[in-house]
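**Q** Below is one structure. I have some questions about it.
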Amino acid sequence: MSQRPLSSKLITQSTMSALTRAGYETVQDISTSTAEALSKNLNIPLAESRALFTSTSTSKLPLTQSAASLTTTTHKFSTHCPPVDKLLNGGLTRGHILEVSGPPGTMKEAIAVGVVRAFVERKEHVLFVRLLVLNSISFPFQTPNLNHHNRTALLDKVKQTMTKACATRSLTVVTTSQLATKVLNSDGTTGNFDTGSTAIMVPQLGPGYLPSGRTCRIIIHPETRTSGHIRVLSSPTYQPGKGSAPREPYIVVSVIVLPIARCNMPIVKRRREGV
């Protein structure tokens, strides 16, 4: 792809500023993104984003390493958790982000380790370059000395960094997050412990630090110590409020996570000793 600077394109100054803040400088930097994702993530006009891609996609790509790297973004890596793989339509796409949330004691880290295992099985010798695992990413943001303004600025910086790394380096990211209590009023608006009528558990950081066009957010809902459901909070193909959220049941057998068939009678799968 061309190393031609984006500043040479016929775009407005505000769009150029948004691209620069996100770390995009050349035509190659945006080559693995899409016009829709770029428009949504950077809040720039869709028409300008499409024009930017139209102007970069008319030339034929040479058979170089850069051109070949575009095909790698379609590779999927199993999480070794069948319910999650099903929710991800076969696995985690290279260059995308998976956020896993859930209460303490659920299999958040096991899913992250499953992705690491998938990279190793593919003989990815650039494991620590191609795959980044951010375990308990919400922990550093819990310090009481971090005010709202600085917290928002840091999360925005994280988003910009991951957007550029995923787009230009095909970096795959897995993050795990604990849950926090959110109090709601009877009309569904955000409340407090004095006015609220109900409380729900939500990921501590919210979606603000993630590029929506490349991220799938899932949450684990345990019903017993070894079973429950895994639900999609949002993904490039599903947004909250647009139909029912995709979900899959799971059961933990030893260290193995197996899908449960949807039927009237519960199915318990056991592993033989020594297997």
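**Q** Under 5 Å between amide H atoms, partner at least 5 residues away or on a different chain: which partners does T215 have, H built in plane at 1.01 Å?
**A** I97
**Q** When ranked by the protection proxy of mean other Cβ atoms within 10 Å per residue, highest first, what sequence do the peptides 146-152, 94-100 form?
**A** 94-100, 146-152
**Q** Search the structure for amide H atoms under 5 Å from the amide H of T26, placed 1.01 Å from N in the peptide plane, and list their residues when 5 or more places away or on another chain.
**A** L6
**Q** Can you put K242, K164, K9, K157 in order of Cβ neighbours within 10 angstrom, beginning with the fewest?
**A** Result, fewest neighbours first: K242, K157, K9, K164.
**Q** May I pose another question? For a quick check: sort S7, S234 by the number of other beta carbons within 10 angstrom, fewest at the front.
**A** Ordered by Cβ neighbours within 10 Å, fewest first: S7, S234.
Laboratory data are not the source of any read-out in this text; all were calculated from the coordinates shown. The model shown is predicted, which means the values in this text are computed figures rather than measured ones. Note that each Cβ is placed from the backbone with ideal geometry, even for glycine, and that neighbours are counted across all protein chains shown.
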